[in-house]
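Engineer: So that we are looking at the same thing, I have put the structure below in structure tokens.
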Amino acid sequence: MGNNINKETKEIAGFEGMNIFLYFRKKREYLEKILVELKKRSYEQDNCLKTEKRNNFIQYVVYKKGNPQNLKYITKSNLSIAKSIAQRDYEKQVVKSIEEEIKCIERFFKTMPKITYEQIYDKLVDGRKALVTPIVMTDEEYAKEWQEQTFVAKKLESGLVGYETQRGEIVRSKSEVIIADALYFAKIPYHYEKPLKVGNKVVHPDFTVLNVKNRKEYYWEHLGLLDDEDYLNKFLVKLDSYEKSGIRSGEKLILTKETKKHPLNTANVKEMIKYYLK
């Protein structure tokens, strides 16, 4: 179950800027998934566990419910018995807490106003919008301002012609065209080779992209020459710089890759966009 739950944790991470109703809806779905998984489990219910500290060692003792005088000391060979009881008791507490959280979320949906202050500007007629400065920047305005950032991109090497994207910029490879165009058609704001300071050096991620809903920035690197040992070694140095700056694969760093025998999978690019940026 651990892996199933861990896959979901990303869904509720980084919701700053997200509509509060959507946040709690996602949170409730996440909690309900955990609850379903936990309730599928079955444990021996009659045994109870207590711990005793003896000479800096922890001794585990098992006894039957309602009969605390009949003690059975746990040895290393049957430690799994103590682990099972401890896990059962822990999960009971988790289930109780999750059920309380879900009740609180349900109360929230019943008591909160249908329109939050962030949404009021969007509900105004166009004539009034023209007269009002919104308290909270709308997603569209935020994305527009982010996209209009100016920077000095990395120059193409001498003699490299490059490839044109749907947006009209020149990139270094056909695979980068695939990624850029997929972002463009999905309406994902992006910058190509925008400089980024990591540690004491400046790197140029292939793409800097924005998840508009949670206003979170990601960096997208495409490993297009995995067959080339020198290329791979240089990228590993770059990856090390990212990780030392807290930019980790699967969190803020998106990676796609290919070899001569295994070209970039367009469907995989679309899945990455859906997973991280929608």
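The values are calculated or read from the model by the stated rules, or taken from the named source; none is laboratory data. Since this is a predicted model, take the numbers as computed values, not measurements. Every residue, glycine among them, receives a Cβ derived from its backbone with ideal geometry; neighbour counts consider all protein chains shown.
Engineer: Output the residue which, of all residues in segment 227-252 that are surrounded by fewer than 17 Cβ atoms within 10 Å (Cβ to Cβ) and within 17 Å of the chain's Cα centre (by Cα), is farthest from ASN214 (Cα to Cα).
Structural biologist: GLU243
Engineer: Using the structure shown, decide if TYR142 is assigned to a helix (DSSP H, G or I), within 25 Å of the chain's Cα centre (by Cα) and surrounded by 15 or more Cβ atoms within 10 Å (Cβ to Cβ). Full working, then the answer.
Structural biologist: Details: assigned to a helix (DSSP H, G or I): yes; within 25 Å of the chain's Cα centre (by Cα): yes; surrounded by 15 or more Cβ atoms within 10 Å (Cβ to Cβ): yes.
Here the answer is yes, as TYR142 does meet what is asked.
Engineer: Kindly evaluate VAL203 against the criterion of being at pLDDT 95 or above, crowded, with 17+ Cβ neighbours inside 10 Å and not aromatic (Phe, Trp, Tyr). Break it down stepwise before answering.
Structural biologist: Working: at pLDDT 95 or above: no; crowded, with 17+ Cβ neighbours inside 10 Å: yes; not aromatic (Phe, Trp, Tyr): yes.
When the stated conditions are applied, VAL203 does not pass them.
Engineer: Okay, next question. Looking at segment 20-97, what strands (runs of 3 or more DSSP E) fall wholly within it and have at least 1 residues that are surrounded by 15 or more Cβ atoms within 10 Å (Cβ to Cβ) and in contact (Cβ under 8 Å) with a residue 12 or more places away in the chain?
Structural biologist: Working: elements: 47-54, 57-64, 67-73.
In segment 20-97, the matching strands (runs of 3 or more DSSP E) lie at 47-54, 57-64.
Engineer: For segment 107-125, how many residues meet the condition of being surrounded by fewer than 13 Cβ atoms within 10 Å (Cβ to Cβ), without any contact (Cβ under 8 Å) to a residue 12 or more places away in the chain and either in contact with a strand residue (DSSP E or B) (Cβ under 9 Å, 6 or more places away or on another chain) or assigned to a helix (DSSP H, G or I) (or both)?
Structural biologist: Matching residues across segment 107-125 total 4.
Engineer: Just for strands (runs of 3 or more DSSP E) wholly inside segment 184-229: which have at least 3 residues that are over 17 Å from VAL152 (Cβ atoms) and either touching a residue at least 40 places away in the same chain (Cβ under 8 Å) or not acidic (Asp, Glu) (or both)?
Structural biologist: Working: elements: 190-192, 196-198, 201-203, 207-211, 216-223.
Counting at least 3 such residues, we get 207-211, 216-223.
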